[in-house]
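Enquirer: The structure that follows is given in the form of structure tokens.
The values are calculated or read from the model by the stated rules, or taken from the named source; none is laboratory data. This is a predicted model, so every value here is computed, not measured. Every residue, glycine among them, receives a Cβ derived from its backbone with ideal geometry; neighbour counts consider all protein chains shown. The accessibility values were calculated without ligands, DNA or RNA, using every heavy atom of the protein model including side chains. Shrake-Rupley method; radii C 1.70, N 1.55, O 1.52, S 1.80 Å.
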Amino acid sequence: MNRLRLPAAGLSRGIGRITSTALGPYQTAVIRIGFSATWLLFLLRELPNRHELYGPQGPWSWELAQRLIADNQAFTVLTWTDSRLWFECVYGLAIVSSALLMLGWRTRTMSVLFLVGALSVLNRSVFVGDGGDNVIHLMAMYLVLTRCGQVWSLDARRAARTARARGGGFPEQEHETAELDFDRVGPVLWWLLGLALSLVTLLGQLSWGWSLIFWTIWAVHGLWWYLGRRAPGSELRALCDVATNLLHNAALFVIMAEACLIYATAGWYKIQGNRWQDGTAVYYPLHLDYFSPWPALSQWLSTHGTAIMLITYGTVIVQVAFPFTLFNRRVKNVLLAAMMVEHAVIAVLLGLPFFSLAMIAADAVFLPTTFLRRIGKRAARARSALTARTRGVPEQRGGTATGQDEAYGTGAPQPVPSEAEPPPSSPPEADVTPRP
């Protein structure tokens, strides 16, 4: 009987944690910052070339894009009209939403606008990309389902300031939405987006599937705000908390599974290739002009046959083995560091910086929580030191993170909610990677 009780107790604790806590707040924050920064840098880099890549006068014409979208039912608002002004507005929306999501301002709203901007631009010209755009395409959809602003965000700092103004400390579970009393921006954004969605729906620009998705998101956000404002301790609000935590944790699991699937698929396909089997696959891209931003460096590396063989075999081994190492933290961390270094080398050697940044951001979901918190504390100290030097105030040494640093999640005993998000009941101190 005791042997049966132990697994049952562990199972109940696991279910209780999954339903009561949004796991991996630091990992989801890193994903939010990483992918929004990657997409923002790409949009800014391609700003002079935006018309040729995604505009109505590009080689992939507006008429061809319309025909393709009619066949595959992909989402993009750039096929609604071929107006140049409309294209500039959508491109500008993609830039602004990426920047605000990276900073963590109104993360619930910005994640949806980030999704609209990313899908609109990427689906406008599907033949332009280097692989990283596919990862951004997927992660933009997953981010909408996560509570990615619990830490390291302006939303977290706003919630912490409001909590201190109301009596100090961090808000408890029953008072988690007290900041809504002073918040007017959120409801205004909700009404404006509702009006825009109504107009688009009446004009018939959205398919029934995407219309249902956006109206559901809009209604859920409104219900969440209403329950937090009018009935913070009700059973319906508690049920919404459980559903939100389950959705967040499921999306986080899908992100992890997607990253594993990408590496496993790439690794097993490489094994089937003759060039990867004989250890010469890396040699050939080094001699392609398109993948040689530093011809001298590529030529120098291609002359070292042993290094080429080790890199080729090492790439296959790491990609195939990584999904199987998630149950061993130490081995997983070693391979994770190796993959991040590999993508950094790809960014420099093959001239694929945004593909590498997207993959590094996807890899960040497996980083240990303790490592991320340590990085956050160091960043908070650096910011405090820089602020002290700017203001001419002597720097305080030997102390812990200040309350404002805690608002960013760098030294807080528990994460702070983002845009009326409830804080998790207990901070996940351990790595979120599944282990037996």
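Enquirer: Only one of these conditions is not met by T265: (1) under 24 Å from A337 (Cα atoms); (2) open to solvent by 80 Å² or more (accessible area, probe 1.4 Å). Which number is it?
Expert: It fails just one condition, (2).
Enquirer: Is it the case, given these coordinates, that R158 is basic (K, R), open to solvent by 20 Å² or more (accessible area, probe 1.4 Å) and touching a Gly at 6+ places or on another chain (Cβ under 7 Å)? Break it down into steps so the answer makes sense when it comes.
Expert: Numbers: basic (K, R): yes; open to solvent by 20 Å² or more (accessible area, probe 1.4 Å): yes; touching a Gly at 6+ places or on another chain (Cβ under 7 Å): no.
It is false that R158 is basic (K, R), open to solvent by 20 Å² or more (accessible area, probe 1.4 Å) and touching a Gly at 6+ places or on another chain (Cβ under 7 Å).
Enquirer: Return the residues of segment 45-58 that are of a type outside the set (S, T, N, Q) and in contact with a helix residue (DSSP H, G or I) (Cβ under 7 Å, 6 or more places away or on another chain); say none if nothing qualifies. Before you say what the answer is, go through the steps one by one.
Expert: Let us first name the residues in segment 45-58 that are of a type outside the set (S, T, N, Q), namely 45-48, 50-56, 58.
If the condition is that a residue be of a type outside the set (S, T, N, Q) and in contact with a helix residue (DSSP H, G or I) (Cβ under 7 Å, 6 or more places away or on another chain), then E46, R50, Y54, G55, P56, G58 are the ones that fit.
Enquirer: Among what's in segment 222-237 and is open to solvent by less than 50 Å² (accessible area, probe 1.4 Å) and part of a helix (DSSP H, G or I), pick the residue that is farthest from R184 (Cα to Cα).
Expert: R237
Enquirer: Among the residues of segment 350-373, which ones are open to solvent by less than 10 Å² (accessible area, probe 1.4 Å), more than 12 Å from A37 (Cβ to Cβ) and among the small types (G, A, S)?
Expert: Those that are open to solvent by less than 10 Å² (accessible area, probe 1.4 Å), more than 12 Å from A37 (Cβ to Cβ) and among the small types (G, A, S): S356, A362.
Enquirer: Being at pLDDT 85 or above and outside any helix (DSSP H, G or I) is the filter here, so list the residues in segment 361-408 that pass it.
Expert: L367, P368
Enquirer: Go through R13, R3 for me and flag whichever is part of a helix (DSSP H, G or I), of a type in the set (D, E, K, R), surrounded by 10 or more Cβ atoms within 10 Å (Cβ to Cβ) and at pLDDT below 95. Write out each step before concluding.
Expert: Numbers: R3 fails: surrounded by 10 or more Cβ atoms within 10 Å (Cβ to Cβ).
On inspection, the qualifying residue turns out to be R13.
Enquirer: How do the pairs read when you match residues in segment 59-79 that are over 23 Å from M141 (Cβ atoms) with residues anywhere that are among the hydroxyl-bearing types (S, T, Y) and open to solvent by 20 Å² or more (accessible area, probe 1.4 Å), using Cβ under 9 Å and keeping only pairs 6 or more apart or on different chains?
Expert: Correct list of pairs: W62/T81.
Enquirer: Which one of the conditions (1) over 24 Å from the mean Cα position of the chain (by Cα); (2) in a loop (DSSP other than H, G, I, E, B) does L53 fail to meet, given that it meets all the rest?
Expert: The one condition L53 does not meet is (2).
Enquirer: Looking only at segment 100-126, count how many residues are in a helix (DSSP H, G or I), touching a Leu at 6+ places or on another chain (Cβ under 9 Å) and open to solvent by less than 30 Å² (accessible area, probe 1.4 Å).
Expert: Just the residues of segment 100-126 that are in a helix (DSSP H, G or I), to begin with: 100-103, 107-124.
Cutting the leftovers down to touching a Leu at 6+ places or on another chain (Cβ under 9 Å) gives us 100-103, 107, 109-117, 120-121, 123-124.
Remaining after also requiring open to solvent by less than 30 Å² (accessible area, probe 1.4 Å): 101, 107, 109-112, 114-117, 120-121, 123-124.
Of the residues in that region, 14 qualify.
Enquirer: Further question on the same structure: If you check L40 against the conditions, is it more than 16 Å from Y142 (Cα to Cα) and at pLDDT 90 or above? Even if it seems obvious, please write down each step before you answer.
Expert: Numbers: more than 16 Å from Y142 (Cα to Cα): yes; at pLDDT 90 or above: yes.
Yes; evaluated as a whole, the condition is true for this residue.
Enquirer: Taking the condition in contact with a Lys or Arg (Cβ under 8 Å, 6 or more places away or on another chain), within 29 Å of A156 (Cα to Cα) and either surrounded by fewer than 20 Cβ atoms within 10 Å (Cβ to Cβ) or not β-branched (V, I, T) (or both), does Y91 pass? First the steps, then the outcome.
Expert: Values: in contact with a Lys or Arg (Cβ under 8 Å, 6 or more places away or on another chain): yes; within 29 Å of A156 (Cα to Cα): yes; either surrounded by fewer than 20 Cβ atoms within 10 Å (Cβ to Cβ) or not β-branched (V, I, T) (or both): yes.
Yes; evaluated as a whole, the condition is true for this residue.
Enquirer: Sticking with this structure for a sec: Which ones in segment 182-210 are assigned to a helix (DSSP H, G or I) and free of Cβ contacts under 8 Å to residues at least 12 places away in the same chain?
Expert: Taking segment 182-210 and keeping what is assigned to a helix (DSSP H, G or I), we get 182, 185-202, 208-210.
Across segment 182-210, the qualifying residues are V188, W191, L192, L195, A196, S198, L199, V200, L202, W208.
Enquirer: Of the residues G92, G129, G149, which is without any contact (Cβ under 8 Å) to a residue 24 or more places away in the chain and not in a helix (DSSP H, G or I)? Spell out how you get there, then give the answer.
Expert: Working: G92 fails: not in a helix (DSSP H, G or I); G149 fails: without any contact (Cβ under 8 Å) to a residue 24 or more places away in the chain.
None of the other options fit; the residue is G129.
Enquirer: Considering only residues that are among the hydroxyl-bearing types (S, T, Y), part of a helix (DSSP H, G or I), open to solvent by 20 Å² or more (accessible area, probe 1.4 Å) and more than 17 Å from Y269 (Cα to Cα), which ones fall in segment 294-324?
Expert: Residues of segment 294-324 that are among the hydroxyl-bearing types (S, T, Y), as a first pass: 298, 302-303, 306, 312-313, 315.
Checking the rest, the ones that are also part of a helix (DSSP H, G or I) come to 298, 302, 306, 312-313, 315.
Filter again for open to solvent by 20 Å² or more (accessible area, probe 1.4 Å), leaving 306, 313.
T306 - this is the single residue of segment 294-324 that is among the hydroxyl-bearing types (S, T, Y), part of a helix (DSSP H, G or I), open to solvent by 20 Å² or more (accessible area, probe 1.4 Å) and more than 17 Å from Y269 (Cα to Cα).
Enquirer: Does R330 satisfy the condition of being over 25 Å from G132 (Cβ atoms), open to solvent by 60 Å² or more (accessible area, probe 1.4 Å), assigned to a helix (DSSP H, G or I) and touching a residue at least 24 places away in the same chain (Cβ under 8 Å)?
Expert: No, not satisfied.
Enquirer: Tell me which of these F291 doesn't satisfy, since it passes every other one: (1) more than 26 Å from D133 (Cα to Cα); (2) surrounded by 15 or more Cβ atoms within 10 Å (Cβ to Cβ); (3) modelled with pLDDT under 90; (4) not polar (S, T, N, Q).
Expert: (1)
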